[in-house]
Amino acid sequence: MIAGSGSNVTEIGCCRLQTPPGTVEPVTFLRVLLIDTHAMLTDALAVQLSTADDLWVVGSATPDDPRLSEIVRMQRPHVITTEIEPVTALTSEMLRKLHAAYPPAHLVVLTGSHDCAHAVAAARAGAAAWVSKESSLDHLLEVLRGVPLGHAYYPPRQLGAVLRELREDVCRAHDCSARLDVLSQREREVLLRMVDGKRVSQIAVESVVSMSTVRTHVRSILTKLGVRSRLEAVSVARAAGLRPATD
């Protein structure tokens, strides 16, 4: 549980227009959506965050709520706090789901886990911050206000692993991208459609060529990339940064 803090909370930095005398100055709130499997925690945290005059908890939900994406789109939060899933792959899937539902929102992982692998997965999926549930309320408030300004927050224990893995990702992407340079423009287009999961017949229709021509391109792609299957070719393409349109 987030520890309590004092009541001296500064207002979030924002640009304000001068208001004429006799009119009410508009108030800017930071909209926060809380997601956690434990409703008691989100309820208690919402009460604590209500002490800040610049924050507005617009709602809460559980990760398994079938209406989660709809709730995110409807509430249009500036920041979403969420617990991670027990499996690393599910953590990435959850964060990408939230991002897809409302891309402007900034993602903050609020968790009791200290697992570096999960922190790396969260960073890869776009989480701007990783906050322990043992942290103080002051620290959480700093994070909630900071991520919309472009700041990132990862504890030193996880930060080393995150930076190391992200650097390696960049190196791998550069190496794989160089491998794609040997492909012709048409072959790259075919490969991109393979990444999209398209069959030969679909690629032929979309490219306005025969299936035989597509198969020729596929064989050429496998040869140039030095792989033995379409699956391996797609793996190389993804590592180089090619993503299906549905991602």
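Identify, please: which residue in segment 1-27 is loosely packed, with under 14 Cβ neighbours inside 10 Å and polar (S, T, N, Q) and is, among those, modelled with the highest pLDDT?
THR23
Could you tell me which numbered condition ALA44 fails, if it satisfies all but one of (1) under 22 Å from TYR153 (Cα atoms); (2) among the small types (Gly, Ala, Ser); (3) part of a helix (DSSP H, G or I)?
Here ALA44 meets the rest and fails (1).
Among the residues of segment 173-181, is any crowded, with 18+ Cβ neighbours inside 10 Å, touching a residue at least 12 places away in the same chain (Cβ under 8 Å) and touching a Lys or Arg at 6+ places or on another chain (Cβ under 8 Å)?
Yes, segment 173-181 has at least one match.
It is to be established whether one or more residues within segment 112-127 are aliphatic (A, V, I, L, M), touching a helix residue (DSSP H, G or I) at 6+ places or on another chain (Cβ under 9 Å) and more than 21 Å from ASP169 (Cα to Cα).
Among the residues of segment 112-127, not one is aliphatic (A, V, I, L, M), touching a helix residue (DSSP H, G or I) at 6+ places or on another chain (Cβ under 9 Å) and more than 21 Å from ASP169 (Cα to Cα), which makes the answer no.
Do we find that ILE71 is out of contact with any Leu (no Cβ under 7 Å at 6 or more places or on another chain) and modelled with pLDDT under 90 in this structure?
no
Restricting the first residue to segment 205-226 and requiring it to be in the same structural domain as ARG186 (by TED's automatic domain parsing), which pairs with a second residue that is of a type in the set (Val, Ile, Thr) meet a Cβ separation below 6 Å and a spacing of at least six or different chains?
MET211/VAL200; VAL214/VAL200; VAL214/ILE203; HIS217/VAL190; LYS224/VAL182; LEU225/VAL236
Please give the number of the condition ALA122 fails out of (1) surrounded by fewer than 22 Cβ atoms within 10 Å (Cβ to Cβ); (2) at pLDDT 90 or above; (3) among the small types (Gly, Ala, Ser).
Of (1) surrounded by fewer than 22 Cβ atoms within 10 Å (Cβ to Cβ); (2) at pLDDT 90 or above; (3) among the small types (Gly, Ala, Ser), only one is false for ALA122: (1).
Out of curiosity, is ARG172 charged (D, E, K, R) and either under 30 Å from HIS106 (Cβ atoms) or at pLDDT 95 or above (or both)?
yes
Here's a check for you: in segment 191-205, which residue that is charged (D, E, K, R) and surrounded by fewer than 18 Cβ atoms within 10 Å (Cβ to Cβ) is modelled with the lowest pLDDT?
If we take residues in segment 191-205 being charged (D, E, K, R) and surrounded by fewer than 18 Cβ atoms within 10 Å (Cβ to Cβ), then ASP196 is modelled with the lowest pLDDT.
Yes or no: segment 134-154 includes at least one residue that is closer than 30 Å to GLN48 by Cα, crowded, with 17+ Cβ neighbours inside 10 Å and in contact with a Cys (Cβ under 7 Å, 6 or more places away or on another chain).
Within segment 134-154, not a single residue is closer than 30 Å to GLN48 by Cα, crowded, with 17+ Cβ neighbours inside 10 Å and in contact with a Cys (Cβ under 7 Å, 6 or more places away or on another chain).
The values are calculated or read from the model by the stated rules, or taken from the named source; none is laboratory data. Just so we're clear, the structure is a prediction, and the values are computed from it rather than from any experiment. FYI the Cβ positions are ideal-geometry reconstructions off the backbone, even for glycines, and counts take in every protein chain you see.
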